[in-house]
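Pasting in a structure now, in structure tokens, and then I'll have a few things to ask.
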Amino acid sequence: MTILVTGATGNIGRKVVDELVTRGVTDIRALTTNPAKAALPAGVEVFPGFIGRPETLGGAHGNAFAGVTGMYLAPYESTAAEVLQRAMAAGVQYVVALSGGAHWQALADEVFAAGIDVTQLGPGEFLENFAGWAGQVAAGVVREPYPDAGGAPIAMADIAAVAASLLTAEDRTPHVGRMYDITGPEFLTRVDAVARIAEGIGREVRFERISREDAETALAAEMGDMAGWYLDLQDASRRHRQEANSLVEDLTGRPAMSLTQWASENRSLFGA
């Protein structure tokens, strides 16, 4: 009863592998494009392949789905339908798919339309995204255009824990066909987020409002054309508030990580 983890060396897929190992799963197959650099735990079977190229999932190296009963599916819209059809044909019984929630509705629709037993995870912003504030936090001031924008950001480790919990559940029936909009433990405005990081690293950091134009110019250096999209999401969050929920704890038995905790554990990112 093998569990296949796709994108197994990606930000979340790698954590799914670790969570499965922690839960005592001994038959894990990790799909990765670079097995030599995977650095996966001992005992994890490495399979060379990429869901963005479905043809790599069968061939000279065998069939990635052989003997697989459950699968974590990383988000890749253009090939999701084909990957799921291949999985069904090989006998995969259950899939936990990271689809990204409302901002990735087309992918979620593709996954549900495949006809396989699936639970989808639709998290919002990741706590890890706040690493993008590293330089500003180190300088003591974070500058953004929408102080009242916000959401209930979630740690990647918590997303992985939910995926692993579902994949190892004795009874998956209540979860099949569900979209779980998993969140962190609390709603935070951007001003709140700055305060939580300051608390976590034990240093004073303040928020300063700037114009949308200045914010986009500053972000463009690192994000390019994605800067406008990112700020559009922030703006939209002011009108469509993402409320926090307890799904992480309900599904895993442990509370979701807070931004204060995450900042404390990653103090070095912020020069603290």
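The values are calculated or read from the model by the stated rules, or taken from the named source; none is laboratory data. Quick caveat, the model's predicted, so the values are computed rather than measured. Please note: Cβ atoms are built from the backbone with ideal geometry, for glycine as well, and neighbour counts cover all protein chains shown. When the accessible area is computed, the model is the full protein with side chains, heavy atoms only, and any ligands, DNA or RNA have been set aside. Shrake-Rupley method; radii C 1.70, N 1.55, O 1.52, S 1.80 Å.
So, in region 52-78, exactly how many residues are part of a strand (DSSP E or B), open to solvent by 30 Å² or more (accessible area, probe 1.4 Å) and closer than 20 Å to Arg14 by Cα?
1
So, one more: Would you mind listing the strands (runs of 3 or more DSSP E) fully within region 80-155 where at least 1 residues are charged (D, E, K, R) and outside the structural domain of Glu199 (by the TED database)?
Output list is empty.
Now for a different question. Give me a count of the residues in region 188-240 that are in a loop (DSSP other than H, G, I, E, B) and touching an Asp or Glu at 6+ places or on another chain (Cβ under 6 Å).
1
Of the numbered conditions (1) over 16 Å from Arg143 (Cα atoms); (2) modelled with pLDDT under 95; (3) among the hydrophobic types (A, V, I, L, M, F, W, C), Ala218 fails exactly one; give the number of that condition.
Of (1) over 16 Å from Arg143 (Cα atoms); (2) modelled with pLDDT under 95; (3) among the hydrophobic types (A, V, I, L, M, F, W, C), only one is false for Ala218: (1).
Which condition number in (1) among the hydrophobic types (A, V, I, L, M, F, W, C); (2) under 23 Å from the mean Cα position of the chain (by Cα); (3) part of a helix (DSSP H, G or I) is the one that Leu40 fails?
(3)
Filter region 31-47 for residues that are open to solvent by less than 70 Å² (accessible area, probe 1.4 Å), under 17 Å from Leu57 (Cβ atoms) and not β-branched (Val, Ile, Thr) and give the result.
If the condition is that a residue be open to solvent by less than 70 Å² (accessible area, probe 1.4 Å), under 17 Å from Leu57 (Cβ atoms) and not β-branched (Val, Ile, Thr), then Leu31, Asn34, Pro35, Ala38, Phe47 are the ones that fit.
Taking Leu219 as the residue in question, decide whether it is in contact (Cβ under 8 Å) with a residue 40 or more places away in the chain and touching a Leu at 6+ places or on another chain (Cβ under 8 Å).
Here the answer is no, as Leu219 does not meet what is asked.
Give the residue that is farthest from the chain's Cα centre (by Cα), with candidates limited to residues of region 2-30 that are aliphatic (A, V, I, L, M) and in a loop (DSSP other than H, G, I, E, B).
Here the residue is Val25.
Any residue in region 106-129 that is of a type in the set (Phe, Trp, Tyr) and open to solvent by less than 10 Å² (accessible area, probe 1.4 Å)?
no
A further question follows. Go through region 130-166 and give me each residue that's surrounded by fewer than 22 Cβ atoms within 10 Å (Cβ to Cβ), under 27 Å from Ala81 (Cβ atoms) and touching a Phe, Trp or Tyr at 6+ places or on another chain (Cβ under 6 Å).
Within region 130-166, Met156 is the sole residue that qualifies.
Let me ask something else. Condition test on Gln242, is it in contact with a strand residue (DSSP E or B) (Cβ under 7 Å, 6 or more places away or on another chain) and either open to solvent by less than 50 Å² (accessible area, probe 1.4 Å) or among the polar types (S, T, N, Q) (or both)?
Spelling it out, Gln242 is indeed in contact with a strand residue (DSSP E or B) (Cβ under 7 Å, 6 or more places away or on another chain) and either open to solvent by less than 50 Å² (accessible area, probe 1.4 Å) or among the polar types (S, T, N, Q) (or both).
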